[in-house]
Amino acid sequence: MAAGEELTLSGHIQHHLTNAKMCTVDGSVAFNKACSEAGFWTWHIDTLAWSIGLGLLFLWIFRSAANKATIGVPGKFQCFIEMIIELVATNVKDTYHGKSKLIAPLALTIFVWVFLMNLMDLIPVDFLPAFAGLVGEQAFGMDSHDVYMKIVPTTDVNLTAALAIGVFILMIGYSIRIKGVLGFIKELTLHPFSSKSVPLQILLIPANLILETIALVAKPFSLALRLFGNLYAGEMIFILIGAIGLAQLPLHFVWAVFHILVIVLQAFVFMMLTIVYLSMASSDNH
């Protein structure tokens, strides 16, 4: 009996932590379990759908606010949007020391988009997956246990890694744009160890290159894993709470109240680290 209960709980957790997958196997489209041997080119369609949908929601909200904006006394909705924009603008002004028209819109997009994706964690874990299972069963004749749906995109390391890689590409681009290719190479090879002796400086180049490359590559890794780790851990607790059935609602509420802080904080941290990293890349004080 105990072993069966443990297996049931394990199956419950595994089901909620599994993405809805789509791949190509032997020239035909396959889904979920059939994608176990598909390799790298497997699409997490739930992550893609929810992240794109929430991105479009972000665009619609801010476009609506822009269209309804007035120069008179603003309404509550306009005040709320202006507070978010002011928060982002203040942090960009205080943190980013270069000149770029891209940084503020980028920071705003990252903060609101990541926040919306994190916010999906507050929806009871069984609600939308159960609805997806019902649709799959009724419309497509599928077994509801074979229908997977992860609604929090930031609990998928592929999504957080994609965001981090985008920031990393911008870091390299800004470094080369501000310092030039030669300046970027010098930054990687002439620091942190330097010497006035040219022969000694040449000998120090390999050590500098290794240290600076590790420091550079560690930035996107830290961005991706920090966001993923915090949201994944929070989602795991929600799943464990959800395993107790209808009695989960009071516990879900208590954990959700605390988790709101994590949701906002992780979106803010991702935004701030992006600004800091791009500010460092734009610095030309080599």
Virtual paramagnetic centre 7 Å along Cα→Cβ of residue 211, amide N under 19 Å, in segment 168-190: 184-190
Hits in segment 100-127: amide N under 18 Å from the 7 Å Cα→Cβ extension of residue 59, namely 105-117
The orientation-averaged projected area of the Cα convex hull of the chain, in nm², is 22.3 nm²
Value of relative contact order over the chain, rounded to a whole percent, pairs C-alpha under 8 Å and six or more apart: 25 percent
What full-extension length gain, to one decimal in nm, is calculated for residue 36 and residue 71 as 0.36 nm per residue of separation minus the Cα-Cα distance? 7.0 nm
GNM of the chain, Cα pairs under 10 angstrom: of 227, 56, 170, the biggest fluctuation goes to 56
Quick one: which residues, 5+ away or cross-chain, put their amide H under 5 Å from the amide H of residue 30? H built at 1.01 Å from N. 23, 24, 25
Provide the convex hull volume over Cα atoms per residue for segment 68-121, in Å³. 108 Å³
Please list the non-local residues whose amide H lies under 5 Å from the amide H of residue 100, H modeled 1.01 Å from N, same-chain partners needing a gap of 5 or more. none
For a quick check: sort 182, 216 by the number of other beta carbons within 10 angstrom, fewest at the front. 182, 216
What order do you get for 226, 63, 177 when you list them from fewest to most C-beta neighbours inside 10 Å? 63, 177, 226
Among 24, 90, 155, which comes first, then next, by fewest other beta-carbon atoms within 10 Å? 90, 24, 155
What share of Cα pairs, in percent, lie more than 15 angstrom apart in segment 16-69? 58 percent
Candidates 257, 88, 73: whichever shows maximal mean-square fluctuation once the chain is modelled as a Gaussian network with Cα springs under 10 Å: 73
Out of 50, 255, 41, any idea which swings most in a Gaussian network model of the chain, alpha carbons joined below 10 Å? 41
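If R0 is 30 Å, what FRET efficiency do you get for residue 137 and residue 84 from their C-beta distance, rounded to 0.05?
0.15
We did not get these values from a lab; they are worked out from the coordinates using the rules stated. Model, not experiment: these values are computed from the prediction. Here the Cβ is made from the backbone with ideal geometry for all residues, glycine too, and neighbour counts use every protein chain on show.
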